[in-house]
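Student: Sharing a structure here in structure tokens format.
The values are calculated or read from the model by the stated rules, or taken from the named source; none is laboratory data. All values reported here derive from a predicted model rather than from experimental measurement. Please note: Cβ atoms are built from the backbone with ideal geometry, for glycine as well, and neighbour counts cover all protein chains shown.
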Amino acid sequence: MGIFRYDTKYAAPTKEQRERYMKGDYEEHLFGPENEMMLIVYDEAVYLKDDTDGSRVLFTGPKDKEKVYDEVKRRLDEHAHKVDGSRSFKSAREID
């Protein structure tokens with residue numbers, strides 16, 4: 001089926017994708033130290049919402065649905081090792 005990535009929290013699956021994959025009963029799972037990642041499991045898809053960086057990913061089909069847990073683990077590791085204050089410069093107030 002496929003994996004569809006959305007770069008911002010304002011991007012979302014299309015109406016056709018929602019009607020085809022994101023219907024029926026679902027389960028919600030939260031991940032991360034502040035529950036910033038939500039996994040919504042449907043019969044035919046899994047939707048990952050990452051509020052840390054605002055990205056969204058829709059995994060469709062049985063084989064691609066299995067990949068979501070590797071993606072969650074990768075993102076948790078990435079966010080845990082991300083350095084706070086990732087700006088490449090400091091203001092004069094920060095230097096003093």
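Student: Looking at region 16-27, which of the residues that are more than 16 Å from the chain's Cα centre (by Cα) and assigned to a loop (DSSP other than H, G, I, E, B) is nearest to Val68 (Cα to Cα)?
Tutor: Out of the qualifying residues, it is Tyr26.
Student: I've got another one for you. Take region 28-53 and flag every residue that is at pLDDT below 95, part of a loop (DSSP other than H, G, I, E, B) and on the phi < 0 side of the Ramachandran plot.
Tutor: Once the filter is applied, which keeps residues that are at pLDDT below 95, part of a loop (DSSP other than H, G, I, E, B) and on the phi < 0 side of the Ramachandran plot, region 28-53 yields Pro33, Glu34, Glu36, Asp43, Glu44, Asp51, Thr52, Asp53.
Student: So which residues in region 3-23 are in contact with a Lys or Arg (Cβ under 8 Å, 6 or more places away or on another chain) and among the aromatic types (Phe, Trp, Tyr)?
Tutor: Tyr6
Student: Just for region 4-56: of the residues that are of a type in the set (A, V, I, L, M) and more than 28 Å from His81 (Cβ to Cβ), which one is surrounded by the most Cβ atoms within 10 Å (Cβ to Cβ)?
Tutor: Ala45
Student: Pick from Leu39, Leu30, Leu58: which is within 9 Å of the chain's Cα centre (by Cα) and without any contact (Cβ under 8 Å) to a residue 40 or more places away in the chain?
Tutor: Exactly one residue qualifies, and that residue is Leu39.
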